[in-house]
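Written out below as structure tokens is the structure these notes cover.
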Amino acid sequence: MNVSQLSSDLSITNLRLKFAGESSFIFKDLSFVVPQGQKILLLGPSGCGKSTLLQVLSGIIPTSIEVPMKADSIQKPDSWGFVFQDPDTQFCMPMVDEELAFVLENLSVPREQMKARMTSVLEMVGLHLDLDELHVPIQSFSQGMKQRLALATVLLLNPEVLFLDEPSALLDPDGTMQIWEAIKYVASEKTVIIVEHKIEHIISYVDRVVLFNDKGEIIADDTPDFVFSNNKDELQQFGIWYPDVWQDYTQSNTYQTIMHEKHLYNQSPSIPAVSRKRPPLLWLHQFAGYREKQRKIYVREAAVHTGEWIAITGENGAGKSTFLLSLMQLLRTEGTYVIEGQPIVQAQSRRKKHTPPSQLAFVFQNPEMQFVTDSVYDEIAFALQLEKRPQVEIDRIVKGLLSSFHLHVSEDRHPYQLSMGQKRRLSVASAIVQNQPILLLDEPTFGLDAKSTFAMLERLEQLRVSGVSILMITHDPHIVEYFCDHVWEIREGELSSISKVKRPTAATTSLYDANKDVDMAESHIIHSEAATKRSK
Amino acid sequence: MELFTPQKETWFYHVNPAFKFFIIFAALLITLFNRHFAFALHLLLIYILLLVLWSGYSWRKLLLLLAPFVLIFISTASTMILFGKGEVIWWTWGIIKISEESFFRGLLLSMKTVSFGVMGLLFVLTTKPLLFFYALMQQFHLPAKYGYSFIAAIRLLPTVWEEFHTRTNALTIRGVRYKAGIQGIYERIRLYAVPLLAQSIRRAQRIAVAMEAKQFHISSSRTYYYATSYSRRDAVLLITLVVLLIFAYVSAQYIPLFEWEPPVHQAVILQ
């Protein structure tokens, strides 16, 4: 089949590609044509080779990354631009103007013309910088702005084709919206090939959706409407964030069961009534956390009760991570800080060694940073071994956690060799192994596919039911809406509001007694007297 | 950072950075191969003078930045002084043996070390790294692939530093305790090196691919955003430094501030 004729920008026939050391092909006899100007979305499970295909079509494979591959024919675009996933690994220069200049230098553009071109592409992606504002550090940009800068740099190449490899995967909702708006604006005439899991903003934008299975075979290739109505099973199975994924999930049996149990838990006469009257598990009053000498976070008053799931929200840089680090006593703090009725002796200086409160478990955003051993088993057993617990007991606890966290891999596997979802679950399992009553998490579902996200949330809900209180940083409003009990919003270094989550879904409330649903209260402002009295 | 802002930018800031580097390098080579005590002393004093005059930093900041060099001076000198070979013994105690030769050789060695430190500091304080590599590429024909690799690497340093802190926090939270002694040091290295290297290598790889995706090709010609060139200042620097070096040498010969020469019989043995 000779398909590379006509006015197609891009085509590939019978691609075969295999990574060194892997036994099976990523692609076997894949053929693929993209007509000029088409907007196309590639979907598929993690590791199915979507990103690899982008790299082959652009020529990054085999020019920059050497991978053995073979194809009967490849027609590559004359000019193309590539936006990658990670905002922090796309730039080689420290300043915005220098990075843009790097591309212009590559194209041998005369120096005098550079500035004008820079401002024009920045304008196109919605970054309005005057000529004298161009010399700013890229590091001062938010992640979303960095991605738009990355888009601006590739626009300098005047690309016929844009390759987008999950450009919004690591962005918050605002950043996600802005990058897609920018892409839609600049790419109207261009061919656009997108790999992305978060697709709510682009569903109406793309002309065509290509769905891959985990063997790298195309199983559907049609309009978005057709694919999303006919291939829902595969979409769910592959963990893709298709438009109705939350709706379908919240109507699933799994979620309904969870909510039913949550409902029973809140209704049950013994637990909540007692815990409401009991002093809070964790109580903060005029609590402040410092970096160097600057106050970076301030909490006038806040309380955590047993079995509460609290979402910590706020913009990038508002102080969410700083707040968690302050609770962990990894920063210098001041004010009243009480856990289980015991005041916490606070770290007076950063230099002085301070042990984090033993009641807290902490999960970092990047799981690799917290792994300390060479196997999945040891990773969970680590804290227990430090406590010198008997081997039989350690074995029992570790095996239990491995199965409840769905870590069905060899116990000797190196933690780095797990999938992203597995790494995250392992990091939670290893953090809570000592049965701490409070779990702090820094965006535990960040960058995960839908399937891994739900798996993570279900594990956390299990922990909550067993009596663990959860404080979790998240940007995802759906997670807040469907799983959390309270929202603490942090704004400009201050805990600005505490509100209860209303759970509005008809599906949930219709099954149970809607009137008595506990989480239907209005939001409180922390400064109100009511809030103060309640926590005392 | 407050500490690294100069009071004023002297003309030395505007010397071609790569040329500046090679001039300083040449001057330090002379220091390195010199065995003459008075010459080394005069060179060091001149270098300190240049640092004060040309760096544009206040006395207080320079003293602060030079403080570590006192430590280096003492540590370098003391090893040589205490354990060096020599004939004219001043004092012995166990394996410690201070002789006239070892004492002055120790001082000579540490003067050389501090000379390197002072001139290195002068270069670092007055040069933007980015411009240094731009000048290397433009005036000294450094292949662009090396120039930009270094620039990209410098950009990564703060991230690595940040990750080091995150790792420290993570290890504290996990309750990692180190064994005493060498085993503890090995453990520390392992616990930090694996994740930091893994992240850095991954990041470097991605940046490399991103650079090539932006049409960075090794062979093709290119223009430069920052134009660096030679100017009259470069000539001034060259002449000034040559004159000062000659002055240091001649004055060391005829009006040394302090002179020491190895005892004659040993010089004979050496030959």
**Item:** Cut-off 16 Å, label 7 Å out along Cα→Cβ of A:Gln286, residues of segment A:330-344 by amide N
**Value:** A:333-338
**Request:** For segment B:184-254 and segment A:400-450, compute the distance between their C-alpha centroids and round to whole Å.
**Result:** 41
**Fill in**
Inter-chain shielding metric for A:97-105, i.e. average beta-carbon neighbours from other chains within 10 angstrom, reads 5
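Would you mind getting me the FRET efficiency between A:Leu386 and A:Glu340? Use the beta-carbon distance for r and R0 = 22 Å, nearest 0.05.
After rounding, the FRET efficiency stands at 0.50.
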**Prompt:** Among the DSSP beta bridges whose two residues both lie in segment A:10-248, what percent are antiparallel, rounded to the nearest 5?
**Reply:** 45
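In terms of the ratio Rg/(2.2 N^0.38 Å) built on C-alpha atoms, what value belongs to segment A:199-250?
Values: Rg = 10.7 Å, N = 52, 2.2 N^0.38 = 9.9 Å.
So segment A:199-250 has a normalised radius of gyration of 1.08.
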**Prompt:** Among A:Pro280, A:Ile26, B:Trp54, whose Cα lies farthest out toward the positive end of the dipole of the protein assembly as shown, if unit charges sit on the beta carbon of Lys, Arg (+1) and Asp, Glu (-1)?
**Reply:** B:Trp54
**Asked** How are the Cα pair distances of the protein assembly as shown distributed, in percent, across 10 Å bins from 0?
**Response** 2, 10, 17, 20, 19, 15, 9, 5, 2, 0, 0
**Asked** Average partner chain C-beta neighbours within 10 Å, per residue of A:354-362?
**Response** 2
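If each DSSP helix of 4+ residues adds -39,500 (n - 2.57) and the sum is divided by the residues in the protein assembly as shown, what number results at 222 nm, nearest 500 deg cm²/dmol?
Here the helix-only value at 222 nm equals -15000 deg cm²/dmol.
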**Asked** If you line up the long axis of helix B:144-174 against the longest principal axis of chain B, both from Cα atoms, how many degrees apart are they, to the nearest 10?
**Response** 90
**Asked** Can you sort A:Met420, A:Met145, A:Met95 so the residue with the fewest Cβ neighbours within 10 Å comes first?
**Response** A:Met420, A:Met95, A:Met145
**Request:** Return the tail of the calculated pair distribution for segment B:98-230, meaning the percent of Cα-Cα pairs more than 25 Å apart.
**Result:** 56
**Message:** In the protein assembly as shown, if the dipole is taken from +1 on Lys/Arg beta carbons and -1 on Asp/Glu beta carbons about the Cα centre, which of A:Ile202, A:Gly341, A:Val398 is farthest to the positive end?
**Reply:** A:Gly341
**Message:** Whole percent per 5 Å bin, from 0 to the bin with the longest distance: what is P(r) over all C-alpha pairs of segment A:195-323?
**Reply:** 2, 7, 12, 12, 10, 9, 11, 12, 10, 8, 6, 1
**Asked** So how strong a dipole does chain A carry about its Cα centre when Lys and Arg Cβ are +1 and Asp and Glu Cβ are -1, to the nearest 20 debye?
**Response** 2020
**Size of electric dipole in chain B: Cβ of Lys, Arg +1 and of Asp, Glu -1, about Cα centre, debye, nearest 20** = 1160
**Complete:** Under the Karplus relation with 6.51, -1.76 and 1.60 and θ = phi - 60°, whole-Hz ³J(HN,Hα) for segment A:475-482, x at Gly and Pro, equal 9, 8, x, 5, 4, 4, 5, 9
**Fill in**
The ratio Rg/Rh over the Cα atoms of chain B, Rh being the Kirkwood inverse mean 1/r radius, stands at 1.05
**Fill in**
Measuring from the longest principal axis of the C-alpha atoms of chain B, the long axis of helix B:17-33 (C-alpha) lies at a number of degrees, nearest 10, equal to 30
**Asked** Which listed residue (A:Thr355, A:Pro444, A:Thr474) has the Cα farthest towards the positive end of the charge dipole for chain A, taking +1 on Lys and Arg C-beta and -1 on Asp and Glu C-beta about the Cα centre?
**Response** A:Thr355
**Fill in**
Taking a crude spin-label model, label points 7 Å out from Cα along the C-beta direction, the A:Asn213 to B:Ile185 distance in nm is 5.7
**Request:** Give the long-range amide H neighbours of A:Trp309: residues separated by 5 or more places, or on another chain, with amide H under 5 Å away, using H modelled in the peptide plane at 1.01 Å from N.
**Result:** A:Ile470, A:Asp485, A:His486
**Asked** D for segment B:1-97, whole µm²/s, Stokes-Einstein with Kirkwood Rh over alpha-carbon pairs at 20 °C and 1.002 mPa s: what number?
**Response** 130
**Fill in**
Here, segment A:10-248 modelled as identical Cα point scatterers in vacuum has Debye log10 I(q)/I(0) at q = 0.07, 0.18 Å⁻¹ of -0.24, -1.39
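Using a 10 Å cut-off around each Cβ, can you sort A:Trp309, B:Trp90 from fewest to most neighbouring Cβ atoms?
B:Trp90, A:Trp309
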**Complete:** Note on chain A: helices (DSSP H) long enough, at least 15 Å by alpha carbon along their axis, and hydrophobic enough, mean Kyte-Doolittle at least -1.0, are A:96-106, A:111-124, A:143-155, A:173-186, A:376-386, A:391-404, A:420-431, A:450-465
**Asked** Once phi is turned into θ = phi - 60°, what whole-Hz ³J(HN,Hα) does the Karplus curve with 6.51, -1.76 and 1.60 give for every residue of segment B:245-257, x standing for Gly and Pro?
**Response** 5, 5, 4, 4, 5, 5, 5, 5, 6, 9, 10, x, 5
**Request:** For segment A:402-475, just run the numbers: alpha carbon Rg, then divide by 2.2 N^0.38 Å, N being how many residues it has.
**Result:** 1.06
**Request:** Sequence neighbours fewer than 8 away in the same chain don't count; with that in mind, list the aspartates and glutamates whose C-alpha is under 12 Å from B:Lys179.
**Result:** B:Glu187
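How large is the dipole of segment A:121-207 about the Cα centre if only Lys and Arg carry +1 and Asp and Glu carry -1, each at its Cβ, rounded to the nearest 20 debye?
Result for segment A:121-207 is approximately 120 debye, rounded to the nearest 20.
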**Request:** Provide Rg and Dmax in Å for segment B:144-213, with only Cα atoms included in the calculation.
**Result:** 15.4, 48
**Fill in**
Descending packing, highest mean Cβ count within 10 Å first, for A:386-399, B:5-18 is B:5-18, A:386-399
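Quick note: the coordinates plus some simple rules give every number you see, no bench work behind them. On a predicted model such as this, the values are computed, not experimentally measured, just so you know. Positions of Cβ are generated from backbone atoms using ideal geometry, with glycine treated the same way; all protein chains shown enter the neighbour counts.
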